[in-house]
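Colleague: Supplied in structure tokens, the structure appears directly below.
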Amino acid sequence: MKRVLIIDDDVALTQVLKINLDDTGNYESRIVNVSSNAIAAAREFKPDIILLDVVMPGLDGGDISAALKQDPLLSKVPVLIITALVSNDETGENAVVSSGDQVMIAKPIRLDVLTKAIEDRMSGVL
Amino acid sequence: MIPSAILTDTPTEPQKVLQILCVEDNDGDFLLLREAFKESDLDPRPVLHRATSLAEAVAKLLVDDGKANFDIVLLDLNLPDSSGLETFSRIREVAPTTPVSILSGNSDRRMAVSLVQSGAQDYLPKDSLSADLVIRSILFAMERQRNRTEMEEMNNRLQKASEELKTAQMQLIQAEKLDSLGRLAAGVAHEVKNPLATIQMGLDYFQRKGGLIGETGLLIISNMQEAVTRAERIINGMLDYSRDQNLLLKESSINAIIRNALALMQHEITRTKVQVIEELQETIPSIRADSGKLVQVVINLVMNAIQSMSANGPADRSVTVRTFWDRLPNMERDEGLRQWSQLRVRDPVVVVEILDQGGGVSEDKLSRLFDPFYTTKPTGEGTGLGLSVARNIVNLHHGHLELKNVENPRGLRVRMVLKAWGDPEGWLPSPESRNLTQPVKLKPNRL
Ligand SMILES: Nc1ncnc2c1ncn2[C@@H]1O[C@H](COP(=O)(O)OP(=O)(O)OP(=O)(O)O)[C@@H](O)[C@H]1O
Ligand SMILES: [Mg+2]
């Protein structure tokens with residue numbers, strides 16, 4: 001069971017996302033809706049991968065991503081950015097956009113696309 | 001105190017009189033006033049009229065097709081048929097521009113003062129009336145009323161100016177709309193995609209639980225899935241239209257772009273039972289283009305062509321997609337190309353034509369087709385962005401997109417003209433035979 005930490009302020013989305021991920025039997029996920037709690041929650045939960053939204057009130061995805069890199073416990077945890085800022089038609093074949101060391105996946109996300117991206121990201125393919 | 005021009009003995013204007021309506025039911029008070037006027041040598045000469053009730057006053061004020069027939073009204077508020085504020089309001093109503101001075105006794109002084117604040121010109125205390133006071137009050141009242149009228153006129157003019165400004169502003173906004181559309185689109189897209197993401201995730205859940213929800217449930221799910229996909233497509237179309245686009249220019253083959261686009265549309269083509277006739281000239285120069293973007297253009301155009309024939313019978317449901325190359329001078333007769341500064345005479349160009357049998361478009365609507373959001377398709381089917389996106393992309397390539405109604409069969413011809421890469425002189429057959437200004441007759445698809 002891989003541990004997935006979902007950081008996104010959209011309560012409805014995170015709930016359904018968690019149900020879906022947990023339901024596959026492959027993941028155990030936890031939700032953080034308030035981004036200022038994200039780092040503390042990550043330290044405690046010790047995720048194998050973090051799904052991170054970009055546009056959030058207060059600390060946004062960029063802030064969280066920077067804080068993760070600073071954190072000795074968390075700097076190695078792969079991050080998959082899920083955002084409505086990119087479109088599915090820009091993400092191309094494997095449904096992701098990478099820029100630098102960031103990997104982004106577009107909302108709305110299909111579950112099968114997401115799980116594949118999660119696996120690829122964890123195994124370092126992405 | 002009293003302006004000298006009015007007190008002068010030798011009137012310069014002939015026979016001007018000051019018409020005063022005194023609304024006063026008390027005979028004693030009226031006589032006092034009349035005495036006051038007798039004593040004065042006011043010029044213009046005052047002529048005093050009397051009304052003893054509100055009804056009579058109103059009747060007198062209303063004579064004469066609404067023209068102000070009195071220069072001033074001296075008004076007692078307490079009349080047999082009306083009292084206080086009601087008296088004043090009614091007089092204002094029938095003679096809105098005539099100055100009103102309130103004749104007030106001790107008992108209603110406070111009311112008189114407050115009426116002055118709300119539009120009466122002055123008040124005259126009945127218990128200490130003197131000729132001097134009455135006349136002065138009248139003159140000032142008239143002066144104030146004039147100022148007020150002027151101010152109202154000024155105000156009206158200002159209001160008109162402000163309305164004109166508003167109109168101008170609306171036009172500006174209209175003009176800037178396209179500019180801000182980009183920002184708006186990005187904002188809306190973001191806000192809509194988030195809830196869509198939730199719905200999508202929910203659908204994925206139920207899709208996997210298919211066995212539990214039964215056949216009807218699955219049908220509902222698949223309809224919902226289609227709705228989500230459609231919403232996303234509309235949003236992406238909007239973004240496409242509004243985003244400033246950077247092209248990825250590479251040497252590309254127009255024929256490959258077209259085949260690619262048609263392959264992507266295969267499902268739609270089969271579903272709508274449309275026959276696609278490819279007339280692609282094989283020996284054609286390559287172009288410098290962002291092929292992904294041009295595929296999108298071709299899809300938009302062919303899609304429109306297919307949609308225009310939805311009411312046609314299967315026999316006349318064909319789209320012709322044609323490519324050929326030519327040199328620019330041959331196209332001089334074409335409107336629109338003249339503004340096309342990027343090309344010089346005799347420059348080789350690659351041309352794509354898409355012809356349908358959809359009956360074309362009425363001439364007055366033709367130019368509107370490129371307007372963003374212009375659509376004649378039912379809500380949910382068309383965003384009205386297809387052609388605007390297409391034109392944007394072609395413009396970015398310094399190319400040209402034009403629409404023309406054609407006959408036999410009656411339909412729309414969309415023509416895209418792009419600059420060829422290099423000069424094919426010497427290694428390609430001359431384009432003479434397919435001169436752009438002449439109808440082109442080619443054997444269908446030799447490939
Ligand atoms: N080949 C055609 N024949 C007749 N009318 C056309 C043709 N192409 C476009 N139109 C008209 O122009 C309108 C605008 O076309 P455009 O492609 O911009 O938007 P749309 O097709 O309505 O929506 P979308 O492209 O987003 O599905 C169409 O609604 C249709 O009325
Ligand atoms: Mg269209």
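The values are calculated or read from the model by the stated rules, or taken from the named source; none is laboratory data. In this text the structure is predicted, and so the values were computed from the model without any measurement. Cβ atoms come from the backbone with ideal geometry, glycine included; neighbour counts cover every protein chain shown. Calculation scope for accessible area: heavy atoms of the full protein, side chains included, ligands and nucleic acids excluded. Shrake-Rupley method; radii C 1.70, N 1.55, O 1.52, S 1.80 Å.
Colleague: Tell me the residue from B:Glu215, B:Glu278, B:Glu282 that is more than 38 Å from the chain's Cα centre (by Cα) and not assigned by TED's automatic domain parsing to the domain that holds B:Ala420, please.
Modeller: None of the other options fit; the residue is B:Glu215.
Colleague: When you look at B:Ser107, is it open to solvent by 60 Å² or more (accessible area, probe 1.4 Å), at pLDDT below 80, farther than 23 Å from B:Lys38 by Cβ and part of a helix (DSSP H, G or I), yes or no?
Modeller: Spelling it out, B:Ser107 is indeed open to solvent by 60 Å² or more (accessible area, probe 1.4 Å), at pLDDT below 80, farther than 23 Å from B:Lys38 by Cβ and part of a helix (DSSP H, G or I).
Colleague: Right, here's the next one. Scan the range B:45-54 and give yes if some residue there is under 14 Å from B:Val134 (Cβ atoms) and touching an Asp or Glu at 6+ places or on another chain (Cβ under 8 Å), otherwise no.
Modeller: Within the range B:45-54 (the criterion being under 14 Å from B:Val134 (Cβ atoms) and touching an Asp or Glu at 6+ places or on another chain (Cβ under 8 Å)), the answer is no, since none of the residues qualifies.
Colleague: Need pairs with beta-carbon distance below 9 Å; first residue outside the structural domain of B:Arg322 (by TED's automatic domain parsing) and at pLDDT 90 or above and within the range B:405-431, second outside any loop (DSSP other than H, G, I, E, B) and buried (at least 21 other Cβ atoms within 10 Å of the Cβ); sequence gap 6+ or separate chains.
Modeller: none
Colleague: Follow-up question, since we're still on this one. Of the conditions (1) surrounded by fewer than 17 Cβ atoms within 10 Å (Cβ to Cβ); (2) over 18 Å from B:Ala36 (Cβ atoms), B:Ser128 fails just one. Which one is it?
Modeller: With respect to (1) surrounded by fewer than 17 Cβ atoms within 10 Å (Cβ to Cβ); (2) over 18 Å from B:Ala36 (Cβ atoms), B:Ser128 is out only on (2).
Colleague: For the range A:26-40, name all the residues that are assigned to a strand (DSSP E or B) and either of a type outside the set (Ser, Thr, Tyr) or on the phi > 0 side of the Ramachandran plot (or both).
Modeller: Within the range A:26-40, A:Glu28, A:Arg30, A:Ile31, A:Val32 qualify.
Colleague: A follow-up question, please. Check off (1) open to solvent by 70 Å² or more (accessible area, probe 1.4 Å); (2) not in a helix (DSSP H, G or I) for A:Arg43 and give me the number that stays unchecked.
Modeller: (2)
Colleague: I'm trying to understand the selection: among the residues of the range A:15-27, which are more than 7 Å from every other protein chain (Cβ to nearest Cβ) and in contact with a Ser or Thr (Cβ under 9 Å, 6 or more places away or on another chain)?
Modeller: A:Gln15, A:Lys18, A:Leu21, A:Asp22, A:Thr24, A:Asn26, A:Tyr27
Colleague: Which residues, taken from the range B:292-338, are under 23 Å from B:Lys250 (Cβ atoms), open to solvent by 30 Å² or more (accessible area, probe 1.4 Å) and either within 16 Å of ligand 1 (Cβ to nearest atom) or at pLDDT 90 or above (or both)?
Modeller: Within the range B:292-338, B:Lys293, B:Gln296, B:Ile299, B:Asn300 qualify.
Colleague: Could you check, for the range B:305-322, whether at least one of its residues is within 14 Å of another protein chain (Cβ to nearest Cβ), within 39 Å of the chain's Cα centre (by Cα) and within 16 Å of ligand 2 (Cβ to nearest atom)?
Modeller: Taking every residue of the range B:305-322 in turn, none turns out to be within 14 Å of another protein chain (Cβ to nearest Cβ), within 39 Å of the chain's Cα centre (by Cα) and within 16 Å of ligand 2 (Cβ to nearest atom).
Colleague: Quick check on my filter: what residues within the range B:88-104 are surrounded by fewer than 23 Cβ atoms within 10 Å (Cβ to Cβ) and touching a strand residue (DSSP E or B) at 6+ places or on another chain (Cβ under 6 Å)?
Modeller: Correct list: B:Thr98 only.
Colleague: I need a count of the residues in the range B:365-407 that are more than 25 Å from the chain's Cα centre (by Cα) and away from ligand 2 (no atom under 14 Å from the Cβ).
Modeller: Adding up the residues that qualify gives 12.
Colleague: Something else about it: Looking for something within 14 Å of another protein chain (Cβ to nearest Cβ), at pLDDT below 95, touching a strand residue (DSSP E or B) at 6+ places or on another chain (Cβ under 6 Å) and part of a helix (DSSP H, G or I) - is there at least one such residue anywhere in the range A:63-85?
Modeller: no
Colleague: How many residues are open to solvent by less than 50 Å² (accessible area, probe 1.4 Å) and closer than 15 Å to B:Glu353 by Cβ if we restrict to the range B:396-412? Break it down stepwise before answering.
Modeller: Of all residues in the range B:396-412, those open to solvent by less than 50 Å² (accessible area, probe 1.4 Å) come to B:397, B:399-403, B:405-406, B:411-412.
Narrowing further to those that are closer than 15 Å to B:Glu353 by Cβ: B:399-403, B:405-406, B:411-412.
Result for the range B:396-412: 9.
Colleague: Turning to a different aspect of this structure: Would you pick out the residues in the range B:15-34 that are in a helix (DSSP H, G or I) and in contact (Cβ under 8 Å) with a residue 60 or more places away in the chain?
Modeller: Across the range B:15-34, the qualifying residues are B:Asp29, B:Leu32, B:Leu33.
Colleague: Could you grab me the full set of residues in the range B:369-395 that are open to solvent by 70 Å² or more (accessible area, probe 1.4 Å) and either polar (S, T, N, Q) or more than 8 Å from ligand 1 (Cβ to nearest atom) (or both)?
Modeller: Those that are open to solvent by 70 Å² or more (accessible area, probe 1.4 Å) and either polar (S, T, N, Q) or more than 8 Å from ligand 1 (Cβ to nearest atom) (or both): B:Phe373, B:Thr376, B:Pro378, B:Thr379, B:Arg391, B:Asn395.
Colleague: When you scan the range B:237-246, do you find a residue that is within 27 Å of B:Val192 (Cα to Cα), without any contact (Cβ under 8 Å) to a residue 12 or more places away in the chain, open to solvent by 50 Å² or more (accessible area, probe 1.4 Å) and of a type outside the set (Gly, Ala, Ser), even just one?
Modeller: Scanning the range B:237-246, I find at least one residue that is within 27 Å of B:Val192 (Cα to Cα), without any contact (Cβ under 8 Å) to a residue 12 or more places away in the chain, open to solvent by 50 Å² or more (accessible area, probe 1.4 Å) and of a type outside the set (Gly, Ala, Ser), so the answer is yes.
Colleague: Which ones in the range A:1-14 are open to solvent by 10 Å² or more (accessible area, probe 1.4 Å) and more than 14 Å from chain B (Cβ to nearest Cβ)?
Modeller: Hits for the range A:1-14 are A:Met1, A:Lys2, A:Arg3.
Colleague: Name the helices (runs of 4 or more DSSP H) wholly inside the range B:197-300 in which the number of residues that are away from every other protein chain (no Cβ under 14 Å) and touching a strand residue (DSSP E or B) at 6+ places or on another chain (Cβ under 8 Å) is 3 or more.
Modeller: It comes to B:254-264.
Colleague: Name the single residue that is farthest from the chain's Cα centre (by Cα) among those in the range B:12-34 being of a type in the set (Asp, Glu) and either modelled with pLDDT under 85 or surrounded by fewer than 19 Cβ atoms within 10 Å (Cβ to Cβ) (or both).
Modeller: Of everything passing the filter in the range B:12-34, B:Asp27 is farthest from the chain's Cα centre (by Cα).
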